[in-house]
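Report on the structure given below.
The values are calculated or read from the model by the stated rules, or taken from the named source; none is laboratory data. Remember, it's a predicted structure, so these values are computed and weren't measured experimentally. So basically every Cβ, Gly included, is an ideal-geometry build from the backbone, and we count neighbours across all protein chains shown. Just so you know, the surface numbers come from the protein's heavy atoms only, side chains and all, with ligands and any DNA or RNA stripped out. Shrake-Rupley method; radii C 1.70, N 1.55, O 1.52, S 1.80 Å.
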Amino acid sequence: MDHAADAHRTDLMTITRFVLNEQSKYPESRGDFTILLSHIVLGCKFVCTSVNKAGLAKLIGLAGETNIQGEEQKKLDVLSNEVFIKALVSSGRTRVLVSEEDENAIFVESSKRGRYCVVFDPLDGSSNIDCGVSIGTIFGIYMVKDDHEPTLDDVLQPGKQMVAAGYCMYGSSCTLVLSTGTGVNGFTLDPSLGEFILTHPDIKIPKKGKIYSVNEGNAKNWDAPTAAYVEKCKFPKDGSSSKSLRYIGSMVADVHRTLLYGGTFMYPADKKNPNGKLRVLYEVFPMSFLIEKAGGQAFTGKQRALDLVPTKIHERSPVFLGSYDEIEEIKALYAAEGQKK
Ligand code: AFP
């Protein structure tokens, strides 16, 4: 992209215009998705503003509650959760909501109900808030038939059934990355306009990568394929250069870098946590959806991540996602391990 030319652009592709353009390709579309998305965008803008002034507003610090994962909730988590729930319900287009912060799913009352189910982590990476590291919101969207009472089955569907997914990263700039099923596009918030502008059209993840990203502190508990892959990253035997390690510990930031620069992001199973750490519905699925739509792959160690059928809303799964060729290597290591057994 020519940034100098960009600075003088007058014909701005805002996220709303972009989604309306997409919608016009489907004459039967009722515009519901565009309305839902505009409410998600509003939530992202609100959280972005709150994150930016967190220090000023004394929002940093514990809210005094513990969420269902047993983690301490920060004030910003509580606020972001409230903001998104209110924005989603008031859109009049949602049916079932699952938030990382709430033990139970939210069934939207009938007068405000629509066809979409949204699974989301309102503020992922919140242990990084106090040191100013990038954090983000992750969301995935299912569309269901609106001819029945909403049930948990509406959201306990494999990730491949999602109709859209995205994340908003609150970092040095506020970036929203979205896929509505075809391609992946990135939008950056122009604070002076209050609009997300298309800055990263049709993102494609590089086929190979020079970076691996994993919490190496867990290495002593890894399984053999994970250990073998990381060993190969550090000490390649084919004469290639060693890969660089980058790990922020904030999934949105680590996945964003992986999407743009290529490589692998991993949260594998280990002896202590046989299902890894990341949650299927609102971390593994949306990120796997985006990575696949950008040309990469996402694997659990056993299967394609998007084929998983969740049985509980806060279920966890190991995940390896990133450049196509890198994930092929990981799949081959797991296949070889399977043959030994
Ligand atoms: P927090 O929201 O508690 O900071 O967890 C962030 C996260 O869910 C995800 O964003 C990171 O990729 C992952 O956990 C980091 O986990 P480790 O700290 O175990 O490496």
- Task: Could you tell me which of the residues Leu193, Leu176 is away from the ligand (no atom under 16 Å from the Cβ) and either open to solvent by 30 Å² or more (accessible area, probe 1.4 Å) or not hydrophobic (A, V, I, L, M, F, W, C) (or both)?
- Result: Leu193
- Message: I need every pair where a residue in the stretch 262-280 that is under 15 Å from Pro225 (Cα atoms) and β-branched (Val, Ile, Thr) has its Cβ under 8 Å from the Cβ of a residue that is open to solvent by less than 20 Å² (accessible area, probe 1.4 Å) and assigned to a loop (DSSP other than H, G, I, E, B), sequence separation at least 6 or different chains.
- Response: Thr264/Gly209; Thr264/Val214; Thr264/Ser323
- Only residues that are over 19 Å from Gly296 (Cα atoms) and out of contact with any helix residue (DSSP H, G or I) (no Cβ under 6 Å at 6 or more places or on another chain): list them for the stretch 199-229, please. Thr199, Asn215, Glu216, Gly217, Asn218, Ala219, Lys220, Asn221, Trp222, Asp223, Ala227
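Would you check if Ser99 is touching a Lys or Arg at 6+ places or on another chain (Cβ under 9 Å), open to solvent by less than 30 Å² (accessible area, probe 1.4 Å), within 19 Å of His314 (Cα to Cα) and in contact (Cβ under 8 Å) with a residue 40 or more places away in the chain? Let's see the steps before the verdict.
Values: touching a Lys or Arg at 6+ places or on another chain (Cβ under 9 Å): no; open to solvent by less than 30 Å² (accessible area, probe 1.4 Å): yes; within 19 Å of His314 (Cα to Cα): yes; in contact (Cβ under 8 Å) with a residue 40 or more places away in the chain: yes.
So Ser99 does not fit the description; no.
Might you check whether a residue that is within 16 Å of the ligand (Cβ to nearest atom) and either open to solvent by 10 Å² or more (accessible area, probe 1.4 Å) or in contact with a helix residue (DSSP H, G or I) (Cβ under 6 Å, 6 or more places away or on another chain) (or both) occurs anywhere in the stretch 140-153?
The initial filter retains those residues of the stretch 140-153 that are within 16 Å of the ligand (Cβ to nearest atom), namely 140.
From what is left, the residues that are either open to solvent by 10 Å² or more (accessible area, probe 1.4 Å) or in contact with a helix residue (DSSP H, G or I) (Cβ under 6 Å, 6 or more places away or on another chain) (or both) are 140.
Scanning the stretch 140-153, I find at least one residue that is within 16 Å of the ligand (Cβ to nearest atom) and either open to solvent by 10 Å² or more (accessible area, probe 1.4 Å) or in contact with a helix residue (DSSP H, G or I) (Cβ under 6 Å, 6 or more places away or on another chain) (or both), so the answer is yes.
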- Determine which single condition Asp238 fails, assuming it passes every other condition in (1) within 11 Å of the ligand (Cβ to nearest atom); (2) among the acidic types (Asp, Glu); (3) open to solvent by 70 Å² or more (accessible area, probe 1.4 Å). (1)
- Query: Are any residues in the stretch 254-269 near the ligand (Cβ under 10 Å from one of its atoms) and open to solvent by 10 Å² or more (accessible area, probe 1.4 Å), and if so, which ones?
  - Reply: Tyr267
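Conditions (1) surrounded by 16 or more Cβ atoms within 10 Å (Cβ to Cβ); (2) within 30 Å of Asn275 (Cβ to Cβ), marked per residue:
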| position | (1), (2) |
| --- | --- |
| Gly171 | yes, yes |
| Val184 | yes, yes |
| Leu198 | yes, no |
| Asp202 | no, no |
| Asp223 | yes, yes |
| Val230 | yes, yes |
- Test: residue in the stretch 206-222 that is touching a residue at least 24 places away in the same chain (Cβ under 8 Å), at negative phi, acidic (Asp, Glu) and within 13 Å of the ligand (Cβ to nearest atom): yes
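Tell me whether the stretch 294-305 contains one or more residues that are of a type outside the set (S, T, N, Q), buried (at least 19 other Cβ atoms within 10 Å of the Cβ) and within 16 Å of the ligand (Cβ to nearest atom). Lay out the reasoning, then the answer.
Of all residues in the stretch 294-305, those of a type outside the set (S, T, N, Q) come to 294-296, 298-299, 301-302, 304-305.
Then drop every residue that is not buried (at least 19 other Cβ atoms within 10 Å of the Cβ), which leaves 294, 296, 298-299, 301, 305.
Applying the additional criterion that residues be within 16 Å of the ligand (Cβ to nearest atom) yields 298, 305.
Within the stretch 294-305 (the criterion being of a type outside the set (S, T, N, Q), buried (at least 19 other Cβ atoms within 10 Å of the Cβ) and within 16 Å of the ligand (Cβ to nearest atom)), the answer is yes, since at least one residue qualifies.
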- Note on the structure: When His3 is run through (1) modelled with pLDDT of 95 or more; (2) away from the ligand (no atom under 16 Å from the Cβ), the failure sits at (1)
